[in-house]
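This report concerns only the one structure given below.
Laboratory data are not the source of any read-out in this text; all were calculated from the coordinates shown. On a predicted model such as this, the values are computed, not experimentally measured, just so you know. Methodologically, a virtual Cβ is constructed for each residue, glycine included, from the backbone with ideal geometry; neighbour enumeration extends over all protein chains shown.
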Amino acid sequence: MGELSPGSTPRRWVPEGGIKKHNEKIHRESKIADKYKNLPFQFSKPPKNKRHEWFECVECGRIIAAPINTIMYACPDCKKATKVERIKE
């Protein structure tokens, strides 16, 4: 049995008032918490790391995005740790 892709099955539970209303409530409450509760954190998406490059597996040729200092990678195609080389653009 494999992993299901998102959206391939319906939700197990639909909140009262519908999904859109539920999402709006979460968004509204998180903005209020950010503004008035002086929490030591904020509700937001995690920052994206922009220091990634494209690499190619030496053994099978699979292309991956990885941090710029990557040397080896656990390749799912080769089923082992293999050396990767940066792709020159």
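Summary table
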quantity	calculated
Filter result for residue 6 (under 23 Å from the mean Cα position of the chain (by Cα), without any contact (Cβ under 8 Å) to a residue 60 or more places away in the chain and exposed (fewer than 10 other Cβ atoms within 10 Å of the Cβ))	yes
Within region 71-89, tally of residues that are part of a loop (DSSP other than H, G, I, E, B) and exposed (fewer than 13 other Cβ atoms within 10 Å of the Cβ)	7
Complete set of residues in region 31-57 that are exposed (fewer than 10 other Cβ atoms within 10 Å of the Cβ) and touching a strand residue (DSSP E or B) at 6+ places or on another chain (Cβ under 9 Å)	49, 51
Residue in region 58-70 that is of a type in the set (Val, Ile, Thr), touching a strand residue (DSSP E or B) at 6+ places or on another chain (Cβ under 8 Å) and exposed (fewer than 12 other Cβ atoms within 10 Å of the Cβ) present	yes
Pick from region 39-70, criterion part of a loop (DSSP other than H, G, I, E, B) and β-branched (Val, Ile, Thr), ranking: farthest from residue 84 (Cα to Cα)	68
Residue list for region 1-38, filter: part of a helix (DSSP H, G or I) and of a type in the set (A, V, I, L, M)	19, 26, 32, 33
